[in-house]
Amino acid sequence: MAEGFVRDAQPTDTDAIGRIQSATWRQAYARQLPADALEAMTPQAASEAWRDAVTSPPGAGHRVLIALEASRTDTTVVGFVALAPAATDEAEAEDAVEIVSLLVEPRWGRRGHGARLLSAAVDTARAASAGRMICWVLGGDKATEDFLRSAGWERDGWRRTLDAGDREIPQYRMHTDISHLAREAGTDA
């Protein structure tokens, strides 16, 4: 029987992270993103970008966590979540941590890895004294929006537009209050 767990990403994990981002974007965002953007998102290009994020994060609030599935014979990186402090130009962002990316490679879906990553992200945000979490979701990404809603997240009314060259793609900000989790754990938020 396989076991799933989450840990901090290491430099040796970045090739797997790049593979996951490339494969997931090609499958999940084929309708939203332009073909040239998907073609440019090769495993190698993504891996190089994530190597910098893992080895030289821009600040203390930036973290990359990976989900692994372990069997008796193998351990495989199957997903990741990247966290950062929320942008200071966003209203009510002073105590928020942003999920920059949360992806599980499609072939590893429906095994609880996304939920483990989200739970680890919340724990990480709580440890940083965050009271809220936010995540920008591409318009039309029903799977991510439904997943976050199932965990108690909602749209908060913020919208922005991603310039995709040949078209503009809406993004909607989702949020959740995690301050009550700190109180339930017996700490001050």
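The values are calculated or read from the model by the stated rules, or taken from the named source; none is laboratory data. Only a predicted model underlies this, so the values are computations on that prediction, with no experimental measurement involved. For neighbour counting, all protein chains shown are included, and Cβ atoms are generated from backbone atoms with ideal geometry for every residue, glycine included.
Quick look at the numbers
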| read-out | value |
| --- | --- |
| Residue check, residue 56 at pLDDT 95 or above, at negative phi and either surrounded by fewer than 20 Cβ atoms within 10 Å (Cβ to Cβ) or of a type in the set (D, E, K, R) (or both) | no |
| Neighbours by Cβ (under 6 Å, 6+ apart or cross-chain): first from region 98-113, on the phi < 0 side of the Ramachandran plot and of a type in the set (Val, Ile, Thr); second surrounded by 19 or more Cβ atoms within 10 Å (Cβ to Cβ) and assigned to a helix (DSSP H, G or I) | 99/121; 104/113; 104/114 |
| Residues within region 149-170 that are closer than 18 Å to residue 25 by Cβ and surrounded by 17 or more Cβ atoms within 10 Å (Cβ to Cβ), tallied | 1 |
| Lone qualifier among 97, 54, 64, 78 - being assigned to a strand (DSSP E or B), in contact with a Pro (Cβ under 9 Å, 6 or more places away or on another chain) and under 20 Å from residue 16 (Cα atoms) | 64 |
| Residues that are at pLDDT 95 or above and over 21 Å from residue 86 (Cα atoms), drawn from region 148-189 | 150 |
| Residues of region 77-97 that turn out to be within 15 Å of residue 174 (Cβ to Cβ), modelled with pLDDT of 95 or more and in contact with an Asp or Glu (Cβ under 9 Å, 6 or more places away or on another chain), as a count | 1 |
| Selection within region 37-46 - touching a residue at least 24 places away in the same chain (Cβ under 8 Å) and crowded, with 19+ Cβ neighbours inside 10 Å | 46 |
| Residue tally, condition over 22 Å from residue 110 (Cα atoms), of a type in the set (A, V, I, L, M) and surrounded by 14 or more Cβ atoms within 10 Å (Cβ to Cβ), over region 59-76 | 0 |
| Answer residue from region 98-156, given it is among the aromatic types (Phe, Trp, Tyr) and over 11 Å from the mean Cα position of the chain (by Cα) and is farthest from residue 67 (Cα to Cα) among those | 153 |
| Among residues of region 2-36, those that are touching a residue at least 60 places away in the same chain (Cβ under 8 Å) and surrounded by fewer than 15 Cβ atoms within 10 Å (Cβ to Cβ), counted | 8 |
| Residue 107, sole failed condition from (1) modelled with pLDDT of 95 or more; (2) in a helix (DSSP H, G or I) | (1) |
| Extreme residue, farthest from residue 33 (Cα to Cα), among residues of region 149-171 that are in contact with a Leu (Cβ under 9 Å, 6 or more places away or on another chain) and either without any contact (Cβ under 8 Å) to a residue 12 or more places away in the chain or in a strand (DSSP E or B) (or both) | 154 |
